[in-house]
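To start, the structure under review is shown below, and the notes come after it.
The values are calculated or read from the model by the stated rules, or taken from the named source; none is laboratory data. For clarity, every value in this text was computed on a predicted model and none was experimentally measured. Ideal geometry is used to build each Cβ from the backbone, glycine not excepted, and the neighbour counts take in all protein chains shown. The accessibility values were calculated without ligands, DNA or RNA, using every heavy atom of the protein model including side chains. Shrake-Rupley method; radii C 1.70, N 1.55, O 1.52, S 1.80 Å.
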Amino acid sequence: MKLLFVADPIESFKAYKDTTYTMMREAERRGHSITACEPRHLRWHSGGRVQAQVRDIRLTGDESAWFAVQATREAALAEFDAVLMRKDPPFDAEFIYATHLLEQAEREGARVINSPQALRNHPEKLAVMEFQQYLGPTLVTRSPEDVKQFHAEHGEIVLKPLDGMGGMGIFRVGPDGLNLGSITETLNHHGATTFMVQKFLPEIVAGDKRIIIIDGEPAPYVLARIPQGSEVRGNLATGGKGVAQPLSDADRATARAIGGVLAPRGLLMIGLDIIGTKVTEINVTSPTGFREILDQTGCDVPALYVDAVERAVR
């Protein structure tokens with residue numbers, strides 16, 4: 001297969017832990033060709049097809065200088081067997097514009113994974129609203145009064161922006177409500193921006209579990225991201241410790257229920273986040289965790305993913 005990865009600049013990848021790199025490595029091992037571009041390289045002109053300036057690359061096997069560019073060229077997205085959208089958040093206007101360009105490429109014959117329409121319809125923080133039977137108490141608002149009432153009801157809460165990633169902009173407020181007003185103003189930009197508030201789940205001490213769901217089926221191991229020291233966030237980007245663990249029966253049931261709904265919509269791969277037994281986020285843009293699970297358990301999640309891509313293309 002000829003695979004095009006639409007992602008952040010590949011020069012920014014940390015190959016020793018990057019999930020997209022593990023996908024590329026497994027695909028190349030199977031003889032598939034690897035090409036990469038960034039969303040900013042996508043363009044469309046009336047009378048033509050969606051194109052991009054792309055780079056054909058090969059992997060070197062050296063994770064400190066992990067790729068070599070073989071050619072830089074213009075290519076129509078429909079020329080590839082699969083276009084893998086792996087752009088990290090934020091889920092902003094430019095991300096939305098990219099999904100529209102990718103959807104046009106689909107109309108021209110491209111096979112885009114995950115589906116651009118599904119990416120657009122399932123923003124990572126808000127997608128949980130469809131599955132509230134699995135959630136802890138959650139509020140989406142821009143109203144300071146709503147937040148005060150939610151805090152009064154639940155005592156200890158977590159506030160987060162809707163377009164963040166890697167734990168960015170997450171605040172914990174205790175029962176004393178210290179700095180609640182200031183934090184609310186920071187997140188809602190004085191009433192201009194909607195954000196999310198959730199009841200604090202003390203089970204976070206055991207980790208924020210990332211469950212990888214591929215074509216509706218959860219991988220047999222999860223990555224528990226455990227906060228370190230005084231930090232409340234388990235995200236690896238904020239210093240959390242990633243510990244691979246077997247998937248529990250309860251989490252498997254939740255993951256299959258959610259994956260069974262989302263996979264038919266074109267979400268071939270999602271990252272489901274669970275604290276204790278409560279779902280907190282559904283990540284659809286560029287879920288991570290492949291490398292840590294593979295290195296710690298030998299469970300070859302990249303192979304499971306490439307298997308699914310090959311099935312989708314067939």
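Taking F91 as the residue in question, decide whether it is of a type in the set (F, W, Y), part of a loop (DSSP other than H, G, I, E, B) and under 26 Å from M168 (Cα atoms). In short, yes. Close contacts from the stretch 34-48, counting a first residue that is more than 15 Å from R73 (Cα to Cα) and a second that is part of a strand (DSSP E or B) and open to solvent by 80 Å² or more (accessible area, probe 1.4 Å), with Cβ to Cβ under 7 Å and a gap of 6+ residues or different chains, come to none at all.
Would it be correct to say that L139 is at pLDDT 95 or above, in contact with an Asp or Glu (Cβ under 7 Å, 6 or more places away or on another chain) and either under 30 Å from G260 (Cα atoms) or in a helix (DSSP H, G or I) (or both)? Considered against the rule, which asks whether it is at pLDDT 95 or above, in contact with an Asp or Glu (Cβ under 7 Å, 6 or more places away or on another chain) and either under 30 Å from G260 (Cα atoms) or in a helix (DSSP H, G or I) (or both), L139 comes out as yes. The set of residues in the stretch 188-217 that are open to solvent by 60 Å² or more (accessible area, probe 1.4 Å), of a type in the set (D, E) and part of a strand (DSSP E or B) contains only E217.
For every residue, the table says whether it meets (1) over 23 Å from M196 (Cα atoms); (2) open to solvent by less than 20 Å² (accessible area, probe 1.4 Å); (3) modelled with pLDDT of 95 or more; (4) not small (G, A, S).
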{"position": "I274", "(1), (2), (3), (4)": "no, yes, yes, yes"}
{"position": "K278", "(1), (2), (3), (4)": "no, no, yes, yes"}
{"position": "I282", "(1), (2), (3), (4)": "no, yes, yes, yes"}
{"position": "T285", "(1), (2), (3), (4)": "no, yes, no, yes"}
{"position": "E292", "(1), (2), (3), (4)": "yes, no, yes, yes"}
{"position": "E310", "(1), (2), (3), (4)": "yes, no, yes, yes"}
{"position": "V313", "(1), (2), (3), (4)": "yes, no, yes, yes"}
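Of E130, E185, which residue is exposed (fewer than 15 other Cβ atoms within 10 Å of the Cβ) and farther than 27 Å from V301 by Cβ? Criteria check complete, one pass: E185.
Looking at Q104, is it part of a helix (DSSP H, G or I) and either closer than 29 Å to R210 by Cβ or modelled with pLDDT of 95 or more (or both)? Please lay out each step first, then the result.
Numbers: part of a helix (DSSP H, G or I): yes; either closer than 29 Å to R210 by Cβ or modelled with pLDDT of 95 or more (or both): yes.
Yes, satisfied.
Residues that are within 24 Å of the chain's Cα centre (by Cα) and closer than 18 Å to P302 by Cα do not occur anywhere in the stretch 40-53. Of the residues R49, R73, R40, the single one that is assigned to a strand (DSSP E or B), modelled with pLDDT of 95 or more, over 14 Å from T285 (Cβ atoms) and among the charged types (D, E, K, R) is R73.
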